[in-house]
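**Student:** Take this structure, written in structure tokens, and hold onto it; I'll ask about it next.
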Amino acid sequence: MAFSKILVLCSSITGLTLAATETTSWPLYSPTSAPMFQLSSDSQIAFYLAETIGLSNWAGANTGEVLRIATQVVPNDFESVYEAYYYMAEQLFSVAESVDTTKDPVSAREAYYHAATYYRGADFFLHGNQSDPRLDSLWDQQLDSFNKANALLNIPGERFTVKAHSETVGDYEAIGIFYAAYPDNCRGARPTIMVGGGYDSSQEESYHSTCAQLLSRGVNCVTYEGPGQPTVRRHQNLGFVADWWSAATPVVDYLSTRQDVDMSKLALNGLSFGGILAPIAASRDSRYSAVIAIDGFHSAQDAFGQQFPAELIHLFNTNATAFDNAMNSIVANSTYPSSLRWVIGYGLWAFDTKSPFDWFTRLGEIVMSPEVVRDLHMPVFVAKGQDDLSTLDQPEVAYKMLTTGRANGEALTHWHVFNTSMGAGEHCSLGAESQLWQVTMEWLSDVWGGLSYADNKPAYHGQSRE
Ligand SMILES: *[C@@H]1O[C@H](CO)[C@@H](O)[C@H](O)[C@H]1NC(C)=O
Ligand SMILES: *[C@@H]1O[C@H](CO)[C@@H](O)[C@H](O)[C@H]1NC(C)=O
Ligand SMILES: *[C@@H]1O[C@H](CO)[C@@H](O)[C@H](O)[C@H]1NC(C)=O
Ligand SMILES: *[C@@H]1O[C@H](CO)[C@@H](O)[C@H](O)[C@H]1NC(C)=O
């Protein structure tokens with residue numbers, strides 16, 4: 001979910017030659033006037049640091065470790081981000097390995113989770129070079145570390161795979177992790193939320209940012225990934241597909257076989273770009289009783305397009321080769337804003353293409369279209385971060401479509417702005433997930449007939465069998 005504010009930084013790129021501007025000519029960052037305190041003057045790196053430090057709220061990091069990493073990263077220097085995160089990952093991984101888990105499983109679990117987070121951080125800015133072998137090796141390290149932590153939970157998340165089929169890429173496997181709120185089906189079938197990431201977030205990150213919130217209320221959490229998302233992209237070599245229901249529907253089939261899932265209380269959550277993917281999936285599957293779009297989205301192509309210099313959009317519309325050349329030169333050149341370089345470089349990798357023209361075209365095929373909206377018959381929650389400049393007016397556009405483009409749309413669509421004054425105004429209310437889920441769960445309680453949630457405190461970090 002790591003889009004940052006391309007808008008501000010791109011406004012200084014002008015002319016068909018795309019001359020890069022000096023860093024010093026960008027608006028200077030001032031901590032006191034910013035919506036959120038930035039840990040780097042590079043807004044894209046600052047955004048990612050905020051994403052990482054936010055995981056400290058639920059055992060995915062420690063604030064001191066991330067603040068130290070922040071001292072080591074150099075603005076516009078993606079390799080420095082790798083080095084800073086990788087050093088911390090390796091340190092925490094050896095701490096974890098040194099712990100005798102029979103004596104202190106908590107310490108080992110925490111250190112493994114932190115290491116996994118920092119291995120992901122080391123990877124995050126490297127995607128501009130798709131041949132970089134670290135894209136795979138770092139991911140193996142993060143998966144290994146995360147799995148070791150997960151195994152130390154009292155109720156470990158259960159990894160599963162399901163057969164899927166897409167019109168564009170053929171047969172593949174969607175993957176997921178099921179986190180039961182209670183052990184051994186001891187409380188019977190529970191409400192369940194399926195959690196999907198967006199353009200870049202992983203299942204592993206979602207455990208800390210989202211699942212912990214749900215489990216602590218006695219709600220099962222299921223993370224899943226389809227084509228284009230981090231592990232499926234790597235292990236099956238598949239980029240994003242427009243028929244996203246192909247990834248989500250088989251997961252619902254699997255859930256319907258589980259005794260601990262109350263299929264009458266199943267919600268689908270999408271974060272960021274997932275705010276498009278979730279409605280697409282739900283338009284083809286009536287088994288969801290609710291859809292949650294954390295930062296509602298109509299079209300990522302629109303959102304990015306509005307933030308790219310007009311010259312680039314002109315090239316996109318008139319000359320694919322020239323567009324490819326211009327975009328590729330931006331990704332490779334660190335004098336351009338990090339936000340722009342990252343969003344293109346990461347997108348090319350996630351869409352499994354070398355052509356920016358191909359990437360941007362396919363981005364435009366993954367939209368919350370009028371047909372998707374028409375076929376969404378369940379309640380939909382649309383959230384917006386007040387100062388989320390990366391999505392511009394996309395939540396408003398999505399909300400308008402959902403209220404006017406389907407039967408009973410006004411009654412079925414809920415809107416909420418998370419405010420900057422309360423620290424929740426960033427993209428996806430990053431780092432203020434307690435506020436995000438307070439509001440979302442209150443709405444879901446109504447959708448689910450006035451449901452009261454449990455106080456399943458032990459689910460925080462590691463569920464208890466007591
Ligand atoms: C990066 O862009 C700047 C400004 O356009 C240019 O002067 C420089 O030569 C470029 N660097 C490379 C390696 O292409
Ligand atoms: C990309 O990574 C590969 C493998 O490390 C390396 O050989 C190549 O030079 C890199 N390409 C660029 C443009 O840095
Ligand atoms: C498109 O751009 C390429 C690369 O800049 C250029 O060689 C070609 O002549 C352009 N084609 C047209 C029709 O303008
Ligand atoms: C958020 O800010 C808006 C505009 O300033 C205000 O109307 C609204 O009451 C605030 N909401 C919350 C929950 O504070």
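The values are calculated or read from the model by the stated rules, or taken from the named source; none is laboratory data. All values derive from a computational prediction rather than experimental measurement. Note that we place each Cβ from the backbone using ideal geometry, even for glycine, and neighbour counts take in every protein chain shown. These area figures cover heavy atoms from the full protein model, side chains too; ligands, DNA and RNA do not enter into them. Shrake-Rupley method; radii C 1.70, N 1.55, O 1.52, S 1.80 Å.
**Student:** Which of Phe47, Ala149, Phe125 sits farthest toward the positive end of the charge dipole of segment 41-152, with +1 on the Cβ of Lys and Arg and -1 on the Cβ of Asp and Glu?
**Tutor:** Towards the positive end, the residue furthest out is Ala149.
**Student:** Just need the relative contact order of segment 41-152 here, percent rounded to a whole number, with Cα pairs under 8 Å and 6+ apart.
**Tutor:** Across segment 41-152, relative contact order equals 24 percent.
**Student:** R0 = 51 Å: FRET efficiency of Glu83 with Ser452, Cβ-based, nearest 0.05?
**Tutor:** Given R0 = 51 Å and the Cβ-Cβ separation, E is 0.60.
**Student:** Tell me, what is the percent relative contact order of the chain, built from C-alpha pairs under 8 Å that lie six or more residues apart?
**Tutor:** 18 percent
**Student:** Could you pull out every residue, at least 5 positions away or on a different chain, whose amide H is within less than 5 Å of the one on Val261? Hs are placed 1.01 Å off N in the peptide plane, and Pro or chain starts have none.
**Tutor:** Long-range HN contacts for Val261: Arg190.
**Student:** At a Förster radius of 45 Å, what calculated FRET efficiency corresponds to the Cβ-Cβ distance of Ala411 and Asp100, to the nearest 0.05?
**Tutor:** 0.20
**Student:** Please give the charge dipole size of segment 59-213, origin at the Cα centre, charges +1 on K and R Cβ atoms and -1 on D and E Cβ atoms. Round to the nearest 20 debye.
**Tutor:** With Lys and Arg at +1 and Asp and Glu at -1, about 640 debye.
**Student:** Only bridges with both residues in the chain count here: give the DSSP antiparallel percent, nearest 5.
**Tutor:** Antiparallel: roughly 35 percent of the beta bridges in the chain.
**Student:** With a length cut of 24 Å (Cα positions projected on each helix's long axis) and a Kyte-Doolittle mean of at least 1.0, go through the chain and give me the DSSP H helices that pass.
**Tutor:** none
**Student:** How many Å² of accessible area per residue for the chain, probe 1.4 Å?
**Tutor:** 36 Å²
**Student:** Still on this model: Tally Lys and Arg at +1 and Asp and Glu at -1 over the other residues with C-beta under 12 Å from the C-beta of Arg190: what net charge comes out?
**Tutor:** +2
**Student:** Continuing with this model, one more query. Suppose every K and R has +1 on its Cβ and every D and E has -1 on its Cβ; what is the size of the dipole of the chain about the Cα centre, in Debye to the nearest 20?
**Tutor:** 700 debye
**Student:** Okay, next question. Name the residues whose placed amide hydrogens come within less than 5 Å of the amide hydrogen of Phe418, ignoring near sequence neighbours (fewer than 5 apart) on the same chain.
**Tutor:** Under 5 Å from the amide H of Phe418 lie the amide H atoms of Lys384, Gly385, Gln386, each far enough along the sequence or on another chain.
**Student:** Quick one: if you stick a label point 7 Å off each Cα along the C-beta vector at Gln236 and Asp393, how many nm between them?
**Tutor:** Inter-label distance under the simple model: 3.8 nm.
**Student:** Want the number for Gln435 to Leu67: 0.36 nm per residue separation, take away the alpha-carbon distance, what's left?
**Tutor:** 130.2 nm
**Student:** For n ≥ 4 DSSP H runs only, could you compute -39500 (n - 2.57) per run for the chain, divide by its residues and tell me the 222 nm figure to the nearest 500?
**Tutor:** -13000 deg cm²/dmol
**Student:** Of the heavy-atom accessible surface of the chain (probe 1.4 angstrom), what whole percent is carbon and sulfur?
**Tutor:** Carbon plus sulfur share of accessible area: 52 percent.
**Student:** Run the reach check for Lys400 against aspartates and glutamates, Cα to Cα strictly under 13 Å, same-chain hits fewer than 8 apart removed. What comes back?
**Tutor:** List returned: Glu410.
**Student:** Can you tally the net charge around Asp375? Count Lys and Arg as +1, Asp and Glu as -1, for every other residue whose Cβ sits under 14 Å from the Cβ of Asp375.
**Tutor:** After counting each charged neighbour, the total is +1.
**Student:** Whole Å is fine, so just give me how far the alpha carbon centre of segment 375-453 lies from that of segment 211-257.
**Tutor:** Using only Cα atoms to place each centre, the spacing works out to 21 Å.
**Student:** Going by the alpha-carbon gyration tensor, a ≥ b ≥ c the square roots of its eigenvalues, is the chain rounded (a/c under 1.5) or, if a/c is not under 1.5, prolate (a/b greater than b/c) versus oblate?
**Tutor:** Here the chain falls in the oblate category.
**Student:** Which value, in debye to the nearest 20, describes the size of the charge dipole of segment 130-248 about its Cα centre when Lys and Arg Cβ atoms bear +1, Asp and Glu Cβ atoms bear -1, and nothing else is charged?
**Tutor:** In total the dipole reaches around 460 debye.
**Student:** Express in nm, to one decimal, how much length is gained between Asn333 and Asp375 on full extension, taking 0.36 nm for each residue of separation and deducting their alpha carbon distance.
**Tutor:** Between Asn333 and Asp375, full extension yields 10.8 nm more.
**Student:** Across segment 41-152, what fraction of all alpha-carbon pairs, as a whole percent, falls in each successive 10 Å bin from zero upward?
**Tutor:** The percentages, shortest bin first, are 16, 47, 30, 7, 1.
**Student:** If you take every residue apart from Thr249 with its C-beta less than 12 Å away from the C-beta of Thr249, what net charge results, scoring Lys and Arg +1 and Asp and Glu -1?
**Tutor:** 0
**Student:** Just need the relative contact order of segment 93-238 here, percent rounded to a whole number, with Cα pairs under 8 Å and 6+ apart.
**Tutor:** 18 percent
**Student:** Right, next: Note down the nm distance, to one decimal, between modelled labels 7 Å out along Cα→Cβ at Asp144 and at His314.
**Tutor:** 5.2 nm
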